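One structure is given below, encoded as structure tokens.
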Amino acid sequence: MTPRSPILDLPGAISPPDGAVDSGVAWHWGDPFAEQRAAARKVAVVDRSHREVIAVPGEERLAWLHLVISQHVTALADGAGTEALVLDSQGRVDAHMLLAHAGDTVWIDTERGAQASGARGGQVSLLEYFQQMVFWSKVEPRDASAERAVLSLVGPETPELLARVGLPVAAGEYAVAEGADVVVRRMPWPGHDAADLLVPRAELVAWWTKLTDAGARPMGTFGFEALRVESGKPRLGVDTDEKTIPHEVNWVPSAAHVAKGCYRGQETVSKVHNVGRPPRRMLLLHLDGSADSLPDTGDAVRSSEKVVGRVGSVAQHHELGPIALALLKRSVGAGAELVAGESTQASVDPDSIPPDTPALGRVAAQGLRH
């Protein structure tokens, strides 16, 4: 069960609906569209303390991590971060994570309850998988969720806000800095500027208050997810299924390196990258805003009554209206007339189509955005 964040007890916090993926943290603060506008134009702060945090200290931490994750990290500098995956033996995605190398520790945050195929079979927690793979390496992965919690800043004024609260303003994508016992990782999404803060969990409310007092508008996961969907960034278990390989959801090369040495699932990553194309691709859909209801995650996407994919994340965007990410067959193009779920008309945003496929322009999407 996901722990309940103490930030939910602050005035104005609205809890998510029962059964929501992001249970335990604020869904919104009364006006989710105004929150998104603040994140797009100024800066907002989001409580993401429900994410699981794993600490990887030890003198061989980089060499060891390099062997068990999909990303090239042997030279990951102190003050750098990245994204990475754990794959199964067939190259399918087990887990997605974000890394921050600060001092003598690599901090990893991931989805709560993240799992991987165990070294001895079956599914185990991501931490258990790491511990199974230690062998004789000088590394000690541990559960750090009780030590650290994630707060995310989103918006073009993120650097100024960091400076106002006395935190280091590391420059560059995934750049990491540490100050006031807070690890700061700059992020290129959602939006054009953001930062994840790994704060001491015992000081979670204090840091939330300091950030909001300094000018950050509170934003819930309703807004964060809408901006993530707009950015075309997938979420494990929502935009992926049991068959997903990294290429289908744009995790190559951001989270999976195609030229590093052997790691579990590497053969599939390399083969698809060099000689083939993935059978599906993740695209952004504009949904008919006049529909009585929107599709749910996992619903089928159809073209002429034929199933051509599945719905992933569904969101309400402050400018684009209802949107969704969907895993679709490669044959589905920008001009396709689609139905998502029971009856919601949908069209592909041409800008979400990978550059190796000609886009037909934005005409098909215009009538469905609002």
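The values are calculated or read from the model by the stated rules, or taken from the named source; none is laboratory data. Computed from a prediction, not measured in an experiment: that's the story for all the values here. Positions of Cβ are generated from backbone atoms using ideal geometry, with glycine treated the same way; all protein chains shown enter the neighbour counts. Just so you know, the surface numbers come from the protein's heavy atoms only, side chains and all, with ligands and any DNA or RNA stripped out. Shrake-Rupley method; radii C 1.70, N 1.55, O 1.52, S 1.80 Å.
Being touching a strand residue (DSSP E or B) at 6+ places or on another chain (Cβ under 8 Å), open to solvent by 30 Å² or more (accessible area, probe 1.4 Å) and part of a loop (DSSP other than H, G, I, E, B) is the requirement here; does Ser70 meet it?
When the stated conditions are applied, Ser70 does not pass them.
Working only within the range 40-61, note down all residues that are open to solvent by less than 20 Å² (accessible area, probe 1.4 Å) and farther than 20 Å from Val205 by Cα.
Once the filter is applied, which keeps residues that are open to solvent by less than 20 Å² (accessible area, probe 1.4 Å) and farther than 20 Å from Val205 by Cα, the range 40-61 yields Ile54, Ala55, Val56.
Checking the conditions here, which among Val229, Val199 is in a helix (DSSP H, G or I), touching a residue at least 40 places away in the same chain (Cβ under 8 Å), touching a strand residue (DSSP E or B) at 6+ places or on another chain (Cβ under 6 Å) and open to solvent by less than 10 Å² (accessible area, probe 1.4 Å)?
Val229
Name the single residue that is most open to solvent (accessible area, probe 1.4 Å) among those in the range 301-314 being over 23 Å from Glu230 (Cβ atoms) and not in a loop (DSSP other than H, G, I, E, B).
Looking at the filtered set, the residue picked out is Lys306.
Just one of the numbered conditions (1) over 27 Å from Val86 (Cα atoms); (2) more than 24 Å from the chain's Cα centre (by Cα) is not true of Arg120; which one?
Arg120 satisfies all of (1) over 27 Å from Val86 (Cα atoms); (2) more than 24 Å from the chain's Cα centre (by Cα) except (1).
Read through the list (1) of a type outside the set (Ser, Thr, Tyr); (2) within 26 Å of Gly24 (Cα to Cα); (3) surrounded by fewer than 22 Cβ atoms within 10 Å (Cβ to Cβ), then give the number of the only condition that Ala149 fails.
(3)
Hey, does the range 74-89 have a residue that's assigned to a loop (DSSP other than H, G, I, E, B), within 20 Å of Gln132 (Cβ to Cβ) and either charged (D, E, K, R) or open to solvent by less than 10 Å² (accessible area, probe 1.4 Å) (or both)?
Yes: the range 74-89 contains one or more residues that are assigned to a loop (DSSP other than H, G, I, E, B), within 20 Å of Gln132 (Cβ to Cβ) and either charged (D, E, K, R) or open to solvent by less than 10 Å² (accessible area, probe 1.4 Å) (or both).
If the requirement is being touching an Asp or Glu at 6+ places or on another chain (Cβ under 6 Å) and polar (S, T, N, Q), which of these qualifies: Ser331, Ser313?
Step by step, each of Ser331, Ser313 is checked, and only Ser313 is touching an Asp or Glu at 6+ places or on another chain (Cβ under 6 Å) and polar (S, T, N, Q).
Examine the range 267-284 for a residue that is touching a strand residue (DSSP E or B) at 6+ places or on another chain (Cβ under 8 Å), open to solvent by less than 20 Å² (accessible area, probe 1.4 Å) and under 29 Å from Asp47 (Cβ atoms), and state whether such a residue exists.
Scanning the range 267-284 turns up at least one residue that is touching a strand residue (DSSP E or B) at 6+ places or on another chain (Cβ under 8 Å), open to solvent by less than 20 Å² (accessible area, probe 1.4 Å) and under 29 Å from Asp47 (Cβ atoms).
Find all pairs meeting these conditions: Cβ atoms under 9 angstrom apart; at least six residues apart or on different chains; first residue within the range 165-182 and in a loop (DSSP other than H, G, I, E, B); second residue of a type in the set (Ser, Thr, Tyr) and crowded, with 16+ Cβ neighbours inside 10 Å.
Close Cβ pairs satisfying both conditions: Val169/Thr158; Tyr174/Thr82.
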